[in-house]
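Inspection log for the structure reproduced underneath, given as structure tokens.
The values are calculated or read from the model by the stated rules, or taken from the named source; none is laboratory data. Source: prediction; values computed, not measured. FYI the Cβ positions are ideal-geometry reconstructions off the backbone, even for glycines, and counts take in every protein chain you see. Only protein heavy atoms, including side chains, enter the accessible area calculation; ligands, DNA and RNA are left aside. Shrake-Rupley method; radii C 1.70, N 1.55, O 1.52, S 1.80 Å.
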Amino acid sequence: MVVDAGTILAVTGAGLAVGLSAIGSGIGVGIAGATGAGVIAVRPEKFGRALVFQAVPQTQGMYGLLVAVLILLSTGVIGGGGGAVPLPLGLAAVGAGLATGISGFSAIGQGIAASAGIAATAEHDSAMGRSLIFAVIPETQAIYGLLVAILIMAFSGLLTGDAAATEATGLAAIGCGLAVGIAGLSAIGQGIAAAAGSAASAEHEESFGKSLVFSVIPETQAIYGLLVAILIMAFTGMIAGEPTRNLALGFAAIGCGFAVGLAGISAIGQGIAAAAGTATTAEHEESFGKNLVFSVIPETQAIYGLLVAILIMVFTGMITHDITATLAAGFAAIACGFAVGFAGISAIGQGIAASAGIAATAEKEEMFGKALVFTVIPETQAIYGLLVAILVMAFTGMITRDVTATAAAGLAAIGAGFAVGLAGLSAIGQGMTAASGIGATAQRRDAMGASLVFAVMAETFAIFGLLIAVLIMFGIGLFGGA
């Protein structure tokens, strides 16, 4: 066996596939098992049913094992007869490993849902079927990851032994893995919502349908990730068998992956809101519509990520093939992905505020408008991230398709993406304050003004990130100042 760069990357991909998915399954199985152990301490006859629920989050680890073995067999690392592994195939193996490995963390959400199912079944035998449905729902993210991993291996030639990948499509495969893999973390939010659905439908059977609606809402982020992964494969020529050789498009694909993948973590905030909506709707059926409004608000961050991913594809010529992308554009795309992606995680704070809005509105219907005001406040961090992404695309020349920035400037722009993106996570603290503000306003109407002041204070740090991002862009000459 020749151990070259391609081989190193291939075994790294196999390690990522089984290692990352093992973390997800281990935590998910542990969450369910902890509840099961507590239940059998008082209801030992429930051991068998608890074991069924605990087995549900194991599949992600199996998917990772399958992909790891396929990578090792197809590259000849095991089974003998292996020669040098071409670098493009090594990169593709990393993409496949990321797709199935990171999406394997969906088992954490599945473990949360399975845990609730064990608790619900311990009290209501009739709830087992419904609870199993809720526990299985967060599985889809892992299936998306497995699907993309198999497609990467098939279209790159890993499975067939007929290498069809280029270094550019190898990088694009990593973008695909990041898109579907990181977006697969949306299952954690889905698991939170599904756990609430399991508990609510055990107590109120008639709420099963509405609880399912809330549970599937956080699925959309994973679908966005799958969509972008498929588009990358299509537009870089992986599917058509005419793979691009432009490395810039490979880096642009990685930017797309970060944009839609990281922004997909917004589903955790959406799951928090949806869980509150599920519980409240079970008690106050008439609040279903308003609860849905609160639950879909954290979706916008994921839409920003999807939008930027599509814009990157358009402005780099990935879709139209009418221009030749430069490395500056490829690196700038990664900066855009970090900016809008990390800032999209602000939805967790928005979900916390939305859950408080749901509770307050259920008790006092007149709180709906006021609670909405508090809920949209943590949105601004995501808007800052979107703004910086647009500015980077505009001033590197991506939008006009006349890239004048240097590759070094495009690479340096990643610093601007980190600045505004990571600072956007300040919205989590802002969401906590906004949630308390909603509670205070529900108690005393005149507390709204002071509560808004408290909620806005955390905005300062996001503005710091925006300021530094702008200064970086100015300093590296994107604004023509250097």
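Quick rundown of the values:
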item	result
For Leu471, solvent-accessible area (1.4 Å; no DNA, RNA or ligand), Å²	100
Average accessible area per residue (Å²) across region 60-108 - probe 1.4 Å, nucleic acids and ligands excluded	30
Average accessible area per residue (Å²) across region 267-356 - probe 1.4 Å, nucleic acids and ligands excluded	27
Portion, in percent, of the accessible area of region 160-227 that falls on carbon or sulfur, probe 1.4 Å	64
Relative frequency of Cα-Cα separations exceeding 27 Å in the chain, percent	57
Within straight-line cross-link reach of Lys210, lysines at Cα separation under 23 Å, skipping those fewer than 8 residues along the same chain	Lys290, Lys364
Pairs of Cα atoms farther than 17 Å apart, region 424-482, %	52
Cα-based reach from Lys370 at 15 Å (exclusive), listing aspartates and glutamates while leaving out same-chain residues under 8 positions away	Asp446
Per residue solvent-accessible surface (Å²) - region 204-258, probe of 1.4 Å	37
Cα→Cβ-extended label distance, 7 Å offset, between Ala408 and Ile8, nm	2.6
Protection-proxy order for peptides 262-275, 384-397, each taking the mean of Cβ atoms within 10 Å per residue, highest first	262-275, 384-397
Trypsin sites (Lys or Arg not before Pro) restricted to DSSP loop in region 347-414 with at most 16 other C-beta within 10 Å	Lys364, Arg401
Debye-sum result for region 187-274 in log10 I(q)/I(0), which assumes one identical scatterer on each alpha carbon, at q = 0.12, 0.16 Å⁻¹	-0.50, -0.68
Sum of -39500 (n - 2.57) over DSSP H runs of 4+, divided by residues of the chain (222 nm, nearest 500)	-25000 deg cm²/dmol
Accessible surface of Arg130 - all protein chains present, 1.4 Å probe, nearest 10 Å²	40
